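The values are calculated or read from the model by the stated rules, or taken from the named source; none is laboratory data. These figures come from a predicted structure and were not determined experimentally. With ideal geometry, Cβ positions are generated from the backbone for all residues, glycine too; neighbour counts draw on all protein chains shown. In case anyone asks, the SASA skips ligands and DNA or RNA and just uses the protein heavy atoms, side chains included. Shrake-Rupley method; radii C 1.70, N 1.55, O 1.52, S 1.80 Å.
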Amino acid sequence: MATVIGVYATAALAASTGLVADARINSPVRRLAHDVYTGDLAQNDAVSLGKFDWDTILDPALSIVEFTDFGTSVTLDIGDVTYPTALCVDLDIATAAGTANPLRSVSIADRRKPLWSMLGYASLAAAKAVGARCELLASFKDANPASGTLGWTLYGSAQ
């Protein structure tokens, strides 16, 4: 029997080995957003991380947010306008500069789902009722942040 290394299996290989074929094999992972914001913000201000198709699947292994120390008690949430904490909630950006996974609040089982599902919408149609595309927002919470820098790189694939 052949040794299969990797995540993807063709339908024929899946049938003969019991592996699960992955329908996303033809959707390469690409850098979807890469930017930096530097400035002075107020509590509850939000920075747009970009607009994406609702069926985009973000790559949890490659995507990252980077931050400087924004001051005492400041946290960061990542989500959309309806579910502002769905992807990341209460990320401590006050203690020191660092990096984090922007999907850190999403369960491992849900990290390969499309954005509309990861965010908490019941259906793609429900998500599209909010807007044609999904705008991801990073919101500064719990205190008035000092001046700082927030960077992000989001990788994923359109479906």
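The figures follow:
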| item | result |
| --- | --- |
| Unique residue being open to solvent by 40 Å² or more (accessible area, probe 1.4 Å), under 24 Å from residue 28 (Cα atoms) and among the hydroxyl-bearing types (Ser, Thr, Tyr) when the list is 73, 107, 157 | 107 |
| So residue 26, is it polar (S, T, N, Q), within 27 Å of residue 158 (Cα to Cα) and modelled with pLDDT under 95 | yes |
| Pair list, Cβ < 7 Å and 6+ apart or interchain, from region 94-118 residues that are in a loop (DSSP other than H, G, I, E, B) to residues that are basic (Lys, Arg) | 103/111 |
| Some residue of region 77-93 being in a strand (DSSP E or B), open to solvent by less than 10 Å² (accessible area, probe 1.4 Å), under 23 Å from residue 43 (Cα atoms) and touching a helix residue (DSSP H, G or I) at 6+ places or on another chain (Cβ under 8 Å) | yes |
| Hits in region 113-138 - residues which are open to solvent by 10 Å² or more (accessible area, probe 1.4 Å), of a type outside the set (A, V, I, L, M) and touching a strand residue (DSSP E or B) at 6+ places or on another chain (Cβ under 6 Å) | 114, 133, 135 |
| Of the criteria (1) over 22 Å from residue 30 (Cα atoms); (2) open to solvent by less than 70 Å² (accessible area, probe 1.4 Å), which one residue 52 fails | (1) |
| Residue satisfying condition, being under 30 Å from residue 159 (Cβ atoms), open to solvent by 50 Å² or more (accessible area, probe 1.4 Å) and modelled with pLDDT under 95, within set 97, 61 | 61 |
| Close pairs from region 128-157: first under 18 Å from residue 47 (Cβ atoms), partner assigned to a helix (DSSP H, G or I), Cβ under 6 Å, at least 6 apart | 134/115 |
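To keep it simple, each residue is scored yes or no on (1) under 20 Å from residue 60 (Cα atoms); (2) part of a strand (DSSP E or B); (3) modelled with pLDDT of 95 or more.
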{"site": "128", "(1), (2), (3)": "no, no, yes"}
{"site": "135", "(1), (2), (3)": "yes, yes, yes"}
{"site": "138", "(1), (2), (3)": "yes, yes, yes"}
{"site": "149", "(1), (2), (3)": "no, yes, no"}
{"site": "153", "(1), (2), (3)": "yes, yes, yes"}
